[in-house]
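*Asks:* Input: one structure, supplied below.
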Amino acid sequence: MHLPDAFLDGKTTVLTAGAAAAGVGIALREVRASLQPRQIPLLGLAGAFVFAAQMINFPIPGGSSGHLIGGVLTAILLGPAAAVLVISCVLIVQCLMFADGGLLALGANIFNMGIVSVCSGYTVYRLCKNLTPANPKRSMVFAAAFAGWVGTVLASVTCAGQLAASNTAPWNVTFPAMANIHMLIGIGEGFATGLILLAIARSRPELLDETVAAPAHQSGRSVVGLGLLVCLGLALFVAPFACPWPDGLEKVAQKIGFADHAPSHLSGSVPAPMADYRMPWVGSTTVATALAGACGTLLAFAAAWMFARAVVPSSPRVQKG
């Protein structure tokens, strides 16, 4: 769902950039006020995971593919404000280093995937997670899965609105095309969100409930270190074998006929050192993708970690009671 510059006109670019800036500004204020210093490495880990997961496209019936956005999952674990910052950092790394999404369209991409998906999905999760109090874990997992689906579909609807506002394609054509294909992609998003949350609830419940004590033999650093190794494993050994079919936006662009508005593979408008997720000067496509993915995973970790460290006060806050 990464929009290239050529899909949006000037007014839509400006409006979405302003909306994204406002949303990120509010998220910054909330993170500065609520995030604890000990949580900073977790934002870096979330950035690394989201980047690696977004490289793994899964097939969708009809010759398309989709990938995890990860915003709802991050919001459930760290809060919606932190999730907005994490997704924004990932999108910036993807744009500048991999030409995935246009530079001028960065505001639209942050608004769609970093704000609409996160906030709508998290709201649905909060509304639904206690529907079956007799089995809170099952309720949490199903609420997370449904929230992931809702966040994906609503992000695609706002993307369709931006395309229509830019006169790239008419609303009555773009809306059903984007919504229909992302309803299928959202199933994958929801399934992955629920499954990952269930695994975390069973293995590290303290990440979901602060009242649960962490195992004495496992420090926060070990969790982050192990998690980063898992993310690198995904980028090195899984991402190179992801489904090569066009993603939802690419498929819609091909079907409706506005794919020729943008460069091949929906690339961005600025030169990038690892464009199309390929490490330059590496002959093997598989190795080039693996190395680029590993570099991107580390860059996303560093970006989210450093950004959080820059905005969060260094000393823990004293809770007022």
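*Asks:* Of the residues in the stretch 39-95, how many are part of a loop (DSSP other than H, G, I, E, B), in contact with a Leu (Cβ under 9 Å, 6 or more places away or on another chain) and at negative phi?
*Replies:* 3
*Asks:* A follow-up question, please. Counting only residues that are surrounded by fewer than 23 Cβ atoms within 10 Å (Cβ to Cβ) and touching a residue at least 60 places away in the same chain (Cβ under 8 Å), which one in the stretch 122-149 is farthest from Gly10 (Cα to Cα)?
*Replies:* Once the filter is applied, the top-ranked residue is Lys137.
*Asks:* Ok, one more. Which residue, of Trp305, Trp281, is at pLDDT 95 or above and either more than 30 Å from Asp5 (Cα to Cα) or among the aromatic types (Phe, Trp, Tyr) (or both)?
*Replies:* Just one listed residue meets the conditions, Trp305.
*Asks:* Ok, one more. Against the conditions (1) modelled with pLDDT of 95 or more; (2) crowded, with 18+ Cβ neighbours inside 10 Å, where does Cys243 fall short? Just the number, please.
*Replies:* Only one criterion in (1) modelled with pLDDT of 95 or more; (2) crowded, with 18+ Cβ neighbours inside 10 Å is unmet by Cys243, namely (2).
*Asks:* Related question: Condition check: surrounded by fewer than 24 Cβ atoms within 10 Å (Cβ to Cβ) and in a loop (DSSP other than H, G, I, E, B). Does Ala164 satisfy that?
*Replies:* In short, no.
*Asks:* Could you go through the stretch 86-96 and let me know if any residue there is over 24 Å from Met183 (Cβ atoms), crowded, with 24+ Cβ neighbours inside 10 Å and touching a Phe, Trp or Tyr at 6+ places or on another chain (Cβ under 6 Å).
*Replies:* Yes: the stretch 86-96 contains one or more residues that are over 24 Å from Met183 (Cβ atoms), crowded, with 24+ Cβ neighbours inside 10 Å and touching a Phe, Trp or Tyr at 6+ places or on another chain (Cβ under 6 Å).
*Asks:* Suppose the filter is modelled with pLDDT of 95 or more and touching a strand residue (DSSP E or B) at 6+ places or on another chain (Cβ under 9 Å); does Pro59 pass it?
*Replies:* So Pro59 fits the description; yes.
*Asks:* Also, I was wondering about something else. Considering only residues that are surrounded by fewer than 14 Cβ atoms within 10 Å (Cβ to Cβ) and under 25 Å from Gly293 (Cβ atoms), look in the stretch 198-229 and name the one that is modelled with the lowest pLDDT.
*Replies:* Arg221
*Asks:* Another question, then. For the stretch 1-15, which positions are part of a helix (DSSP H, G or I) and surrounded by 13 or more Cβ atoms within 10 Å (Cβ to Cβ)?
*Replies:* Asp5, Ala6, Phe7, Thr12, Thr13, Val14, Leu15
*Asks:* Ok, one more. Could you tell me whether the stretch 97-110 includes any residue that is in a helix (DSSP H, G or I), modelled with pLDDT of 95 or more and farther than 30 Å from Pro170 by Cβ?
*Replies:* yes
*Asks:* Do you know which residues across the stretch 63-84 are small (Gly, Ala, Ser) and more than 9 Å from the chain's Cα centre (by Cα)?
*Replies:* Once the filter is applied, which keeps residues that are small (Gly, Ala, Ser) and more than 9 Å from the chain's Cα centre (by Cα), the stretch 63-84 yields Gly63, Ser64, Ser65, Gly66, Ala75, Gly79, Ala81, Ala82.
*Asks:* Can you tell me which residue in the stretch 120-166 is nearest to the chain's Cα centre (by Cα), limited to those that are of a type in the set (S, T, N, Q) and modelled with pLDDT under 95?
*Replies:* Ser139
The values are calculated or read from the model by the stated rules, or taken from the named source; none is laboratory data. Given the structure is predicted, the values throughout are model-derived calculations rather than measurements. Reconstructed Cβ throughout: ideal geometry from the backbone, glycine too, with neighbour counts over all protein chains shown.
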